[in-house]
1. If we only count helices (runs of 4 or more DSSP H) wholly inside the stretch B:195-305, which ones have 2 or more residues that are surrounded by fewer than 19 Cβ atoms within 10 Å (Cβ to Cβ)?
2. Has the stretch A:86-103 got at least one residue that is among the β-branched types (Val, Ile, Thr), in contact (Cβ under 8 Å) with a residue 24 or more places away in the chain and in contact with a Cys (Cβ under 7 Å, 6 or more places away or on another chain)?
3. Given the options A:Leu377, A:Leu363, A:Leu391, name the one that is part of a loop (DSSP other than H, G, I, E, B), more than 14 Å from chain B (Cβ to nearest Cβ) and of a type outside the set (Gly, Ala, Ser).
4. What number goes with the only condition from (1) more than 21 Å from the chain's Cα centre (by Cα); (2) modelled with pLDDT of 95 or more that B:Ser316 does not pass?
5. Is at least one residue of the stretch A:349-358 buried (at least 16 other Cβ atoms within 10 Å of the Cβ) and touching a Leu at 6+ places or on another chain (Cβ under 6 Å)?
6. Out of curiosity, is A:Phe335 in contact (Cβ under 8 Å) with a residue 40 or more places away in the chain, crowded, with 22+ Cβ neighbours inside 10 Å and outside any loop (DSSP other than H, G, I, E, B)?
7. How about the stretch A:294-332: which of its residues are under 30 Å from B:Thr191 (Cβ atoms) and touching a residue at least 12 places away in the same chain (Cβ under 8 Å)?
8. Right, A:Leu232: over 30 Å from A:Ala123 (Cα atoms) and either in contact with a Cys (Cβ under 6 Å, 6 or more places away or on another chain) or aromatic (Phe, Trp, Tyr) (or both) or not?
Protein chains: 2
Amino acid sequence: MLSLVLQRKFVIMEGPQTYEPLTPEGLASRLGGLEVLRKCLGGVADQWQVEEIGDGNLNLVFLVRGTKGAAIVKQALPYIRLVGDSWPLPLNRAFFEYHALIRQAERDPGSVPEVLYFDENQAMIVMEFLDDHAILRSILIAGAHVNNLGTRLGQFIARTAFRGSDLALPIVERKSDTKLFLDNHALCNITESLVFTDPYHDAELNHHNPAVDGVVTDLRQNIKLKAEAQALLTKFVAHSETMLHGDLHTGSVMCTEDSIRVIDPEFATYGPMGFDLGMMLANLIMAYISQPAHRNSKDLASYQDWILDVIKDLVSAFNEEFSVLWLSERRGVLFPHSLFEDQQHDSSLPLQAKQREIWEDALGFCGIEMHRRILTLAHNADFESIEDATLRGELEAQNLKVGARLIIERQSIEDVDAFLAAIQITKVTG
Amino acid sequence: MLSLVLQRKFVIMEGPQTYEPLTPEGLASRLGGLEVLRKCLGGVADQWQVEEIGDGNLNLVFLVRGTKGAAIVKQALPYIRLVGDSWPLPLNRAFFEYHALIRQAERDPGSVPEVLYFDENQAMIVMEFLDDHAILRSILIAGAHVNNLGTRLGQFIARTAFRGSDLALPIVERKSDTKLFLDNHALCNITESLVFTDPYHDAELNHHNPAVDGVVTDLRQNIKLKAEAQALLTKFVAHSETMLHGDLHTGSVMCTEDSIRVIDPEFATYGPMGFDLGMMLANLIMAYISQPAHRNSKDLASYQDWILDVIKDLVSAFNEEFSVLWLSERRGVLFPHSLFEDQQHDSSLPLQAKQREIWEDALGFCGIEMHRRILTLAHNADFESIEDATLRGELEAQNLKVGARLIIERQSIEDVDAFLAAIQITKVTG
């Protein structure tokens, strides 16, 4: 309830307004006065247990436990935590994360952690603690299952894509939202360079396994591939179609066996509808391709089959949910009823064309994500945690080749079956 | 020189800050104190001759003459002049016109009237008077010639398209500019409805010649056509690629035999590169198609041939100039040298793909403009001034059919020759 009230205004902390990074020791004295936190945690602030848990790359993250409950306190640092203060990054990413979270909560209720409190000056979000949840990437490396994973992710992507676009929103609201997120250019710039461009030249922060040198040379010699990657970048920077999560990989999803929550939308920006879909597909495909290194031969096939099922479910849920919304919530300026339903004309032809466009774009973004995770700054544990260097090289090479194929052949990969076939052609059996 | 200084700041009038429409009688007393105007006009303000000349649809426009020179004073009204105060329209369109003019002047020097003074509160721009210039649409109806018309228009469109995009600008500057123009939603909304959607249903403000009823029914029955029109609208609203003029028809160009200036960019917005190109092509094609009603049979063929030459010159100058800029001024985040030239790879493959995309989009926008000028609120004099109702109906029908063909077949119309062939197939000879 409280979060619904908070969604519509900024909450300004009563304490000092100058930004100051939190410490485990100082947290209770700085946040103990917050009514919302006292209610959620219970007990006296002095007795709260504070643990710094980090979130990997960018921010300070604390788990705070009281007698009654727990909460997460996430605070941006003025630089990238992974790299250090040599790479400054604006604090306002917390502002964009907050604004993305409340929109996602509205567009797909229950999909993201509830925001309890936001302090813009301190670049700090206090949010629901997701007890017992683990990062999806770790779950996939460990070989565990999550019920309805594909369906739930597909629905999330469809609902946020559709409901943040001119298919659904009044256009003045969509434009005003686009304006708001256009200021998130520092984080978008990371995506623009690191994801779309750095894989295809010898960029300063790049590093890759020498075992894939040959494949990397081939990729960078491929002018058609680089041209397509830049056409996809053009879409990413200019096609302000809907509010994207912007960084929707398996490290941005937390799950139990039955619960799925999407976190960390600080890269939120207006962009093309296929972007989040493509990023998530890429990370599931990378989980699939890297499995031979993580499973024994007895479990490999069945777990890989499960990942393929997750992918099929995801694409099918995305298409199904997008179609439902197209028919039931199409109230924006695009494809208005006045041109179709009101003239007794079926709107399924333009729906199919739109889904086709999203699918093609998604395949392209998928291929690019598969490249950048092997070649640029931020690799992923699916491959990085493989100790056998030879096997890792083989799997990474396979991943790079599949990525190139998706980018170049995306217009002729008709559906999810053709997509999965394209992935399995150069299969390594481990 | 002065305009260069003015380009970087707002000039706030010293007089009353409350908006008040100008009158011919009151103009000298309200603007006589302006140093820039006194210098340009000469003499004493009391002796200035003020003539209200209108500009057709939207604004107040005055021609002010002194002993030495003349200037144009253009002031927005809080409603659409053509319709009256029943259709309110925000005054800030003068703000967007001013910002578009100074950017166009920078990106293609000499292409637009020089801005002498801008007053945001009064929604007023004082600009260079274009002596002896006539509106291009009237020139084309009258059958006169303008030297280098196609070349100059093609260069203008290429330069503004390229230099306002992420191919050239630092991306933070492009994003900040996109934000600025996103507030121009009132005028963009006119384009969104009136241009892209109203032609294809029985919208309230529509009117058309009953002689084309049959063709109109066919168009509105064509689901594929309407789907394509909405896909083009999706590009228009969301693909924020470059700063467009936004209303680049032959009524927005003023010429003498040797001078060409583009005026009236109050519809400026960030949009797809093919939009201005398509709008201008449409208006030249409409001039071409309507010629049988304006020329005697002796002059018809040669004047129509001249218009076709203008179109060929325009497309060829656009492509040529775009290519030159691609090679010489590509300094933005898109298609960076690091991926092509720095790796000794030719960038002409992605250039051709980009030009192909712009061309296809332009053909689609061209077809839509050809439809809305016959079917919605704002018709054009090329057809409206034809007294012979039967001939007008035939030419309008031809125009509608060609438009539909361009929208639907745009992906297979390879070049300007195929484009001109598509137009001539249903030729009416007058």
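The values are calculated or read from the model by the stated rules, or taken from the named source; none is laboratory data. These figures come from a predicted structure and were not determined experimentally. Note that we place each Cβ from the backbone using ideal geometry, even for glycine, and neighbour counts take in every protein chain shown.
1. Values: elements: B:213-221, B:223-238, B:274-290.
The qualifying helices (runs of 4 or more DSSP H) are B:213-221, B:223-238.
2. Initial filter on the stretch A:86-103 (among the β-branched types (Val, Ile, Thr)): A:102.
Narrowing the set further to residues that are in contact (Cβ under 8 Å) with a residue 24 or more places away in the chain leaves A:102.
Right, trim to in contact with a Cys (Cβ under 7 Å, 6 or more places away or on another chain) and you get none.
Within the stretch A:86-103, not a single residue is among the β-branched types (Val, Ile, Thr), in contact (Cβ under 8 Å) with a residue 24 or more places away in the chain and in contact with a Cys (Cβ under 7 Å, 6 or more places away or on another chain).
3. On the way: A:Leu363 fails: part of a loop (DSSP other than H, G, I, E, B); A:Leu391 fails: part of a loop (DSSP other than H, G, I, E, B).
Unique residue meeting the criteria: A:Leu377.
4. Every condition holds for B:Ser316 apart from (1).
5. no
6. Values: in contact (Cβ under 8 Å) with a residue 40 or more places away in the chain: yes; crowded, with 22+ Cβ neighbours inside 10 Å: yes; outside any loop (DSSP other than H, G, I, E, B): no.
Judged against the criteria, A:Phe335 is not a match.
7. If we filter the stretch A:294-332 for residues that are under 30 Å from B:Thr191 (Cβ atoms), which is where we start, we get A:322-323, A:325-332.
Within the stretch A:294-332, A:Phe322, A:Ser323, A:Leu325, A:Trp326, A:Leu327, A:Glu329, A:Arg330, A:Arg331, A:Gly332 meet the criteria.
8. Details: over 30 Å from A:Ala123 (Cα atoms): yes; either in contact with a Cys (Cβ under 6 Å, 6 or more places away or on another chain) or aromatic (Phe, Trp, Tyr) (or both): no.
Spelling it out, it is not the case that A:Leu232 is over 30 Å from A:Ala123 (Cα atoms) and either in contact with a Cys (Cβ under 6 Å, 6 or more places away or on another chain) or aromatic (Phe, Trp, Tyr) (or both).
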